[in-house]
Every structure is written in C-alpha cells, then in structure tokens.
Amino acid sequence: MVKPVIVRNLHGQVVQELGRLIVGGEIAPGENLPREELLAGRMNVSRTALREAMKVLSAKGLIESRQKTGTRVRDTIHWNQLDADVLAWRCASMPTEDFVEKLVEMREIIEPAAAAAAARRRNPEQIDRIEAAYQAMAASNDREEWSVADLAFHEAVLHATHNELMISLFAVIETALGSYLALSALKASDFKYSLPHHKKVLDAIRRRQPEVAREAMQKMVADSRSNIRRHAKSRSAPKA
C-alpha cells in the first residue's frame, strides 16, 4: 500500500525514475552513471533538470560525484533509509526477505512501547479513533480496505502516546509500515486473521493496562512475522 508519488516538475520525474532504478538494484552500488550529456539525452531532459535531480539524489545519499571519476551509486549503508522516497522505492521492489525482516525488527522495537504508552496517556477521543479503525477493519470486504484500516489503527495508537517524536516517526515509516501490513494480509489465507490481536490491544489501551497492551502488540507483530515466514517456506518448498 505504497502511497503514489506526486511529481509536479521535470527534475522530479528524473529523481523518481533514477531513484527506482538505483534502489531497485538495476544500477548497482559502485556503478557509474552515464556521462551527463548521455544521460540527459536518454531521459529526454535538459542538463539543467538532470543536475537538479542529481542534487536531490545526492542529498538522499544514493549517489556521489567526483572529479575525473564521474557520478556513481553509493553503497546502501550511505543511503538515507528513512527518507520517504527511498522507503517508497524499496517497498515498490518488495518483498525481499532481508527487507521484510528489518521491517519486523523495526516494528518490534517501536510498536509494543507505543501501545504501552498509549494505554497510559490516551484520552477519550483517541480511544474513539482506535475503536473506529478497529471497526473499519472488522467491516472490511477486501484486503485493500483491510490494509487502509489496519494502518489507521496503528497510526491512532501512535497518536495516543502523546509523544510528538513517536508521532513524527510514523510520518517517516508510514510507507514501509503500510506496505508491510498489506504484505502480511496478502500472505494470509484469511486476511482478517489478526483481528483478535487488534481487539486485545484496543481493550488494553481502553482499560489503561500498559503491560497488557505491550504484550498484545508484541504477539501481533510476532504472529504477522510467522505468517509471512510460513508463506515464504511453503513457496520455496520443492513440489512432489
């Protein structure tokens, strides 16, 4: 469930095209980009638009330019992995097992703590928002509706923490988390399989039970990981 990238100018289109090629692995780390005049010609843009795009990609850590050697793709360790565009490009080339594992690890660190904080600090309006997202999940008719409501549920929990840093973090990881939740639903035989876990989180937050909320969220994340792993194993198992 990656949000569509809105591009309003020519150099923005170049950023999107080259960014997808780099993050998707079609232009590998260490590989040089074609010379400026050749690349501008291939992409049918002016050299000015190309230079502006290169500045953006450089700021995201994807490329570096050096005299004599030209412009090359940097190693992934230098990429700004939490940049919204970089996340969107990575999610567009998902799923890779390594990236999914890293997303799960990120969820394990953030979301149980957020659920516990929400249970301590939530107000009635925030409980209503979490409840509304839960009801939307329960009423969903397909995986797309489910994924939208699921993401809204997790966003509502983070807002209920009253921690502006955690709330800001959601804006950064929203694309990755949305893609992960959609992937989890896609791999499940019943896309509503995790609804009981969400109900336990909701009830614990409503009752102001931080540790119960933490444990329920941990179980939800672990169950989602197991679901994706089971699917991966069944897909890779040799057929009789």
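The values are calculated or read from the model by the stated rules, or taken from the named source; none is laboratory data. Keep in mind that what you see is a predicted model, and the values were worked out from it rather than measured. Glycine gets a Cβ as well: all are built from the backbone with ideal geometry, and neighbour counts include every protein chain shown.
Is it the case that segment 197-215 has a residue that's of a type in the set (A, V, I, L, M, F, W, C), modelled with pLDDT under 95 and in the same structural domain as ALA116 (by TED's automatic domain parsing)?
Looking through segment 197-215, none of the residues is of a type in the set (A, V, I, L, M, F, W, C), modelled with pLDDT under 95 and in the same structural domain as ALA116 (by TED's automatic domain parsing).
Note down all Cβ pairs under 7 Å where the first residue falls in segment 1-19 and is surrounded by 13 or more Cβ atoms within 10 Å (Cβ to Cβ) and among the polar types (S, T, N, Q), the second is at pLDDT below 85 and not in a helix (DSSP H, G or I), and they're at least six residues apart or on different chains.
Once the first residue is surrounded by 13 or more Cβ atoms within 10 Å (Cβ to Cβ) and among the polar types (S, T, N, Q) and sits in segment 1-19, its partners that are at pLDDT below 85 and not in a helix (DSSP H, G or I) give GLN13/VAL7; GLN16/VAL5; GLN16/VAL7.
Got a sec? Which of ALA53, ALA84, ALA59 is closer than 27 Å to GLY178 by Cβ, at pLDDT below 90 and not assigned by TED's automatic domain parsing to the domain that holds PHE170?
When all the criteria are applied, what remains is ALA84.
Name every residue in segment 73-92 that is charged (D, E, K, R) and either buried (at least 17 other Cβ atoms within 10 Å of the Cβ) or without any contact (Cβ under 8 Å) to a residue 40 or more places away in the chain (or both), in order of residue number.
Passing the criteria: ARG74, ASP83, ASP85, ARG90.
Are there any pairs, at least 6 apart or on different chains, whose C-beta atoms fall under 6 Å, with the first in segment 177-204 and of a type in the set (Lys, Arg) and the second at pLDDT 80 or above and assigned to a helix (DSSP H, G or I), and if so, which?
LYS200/ALA216
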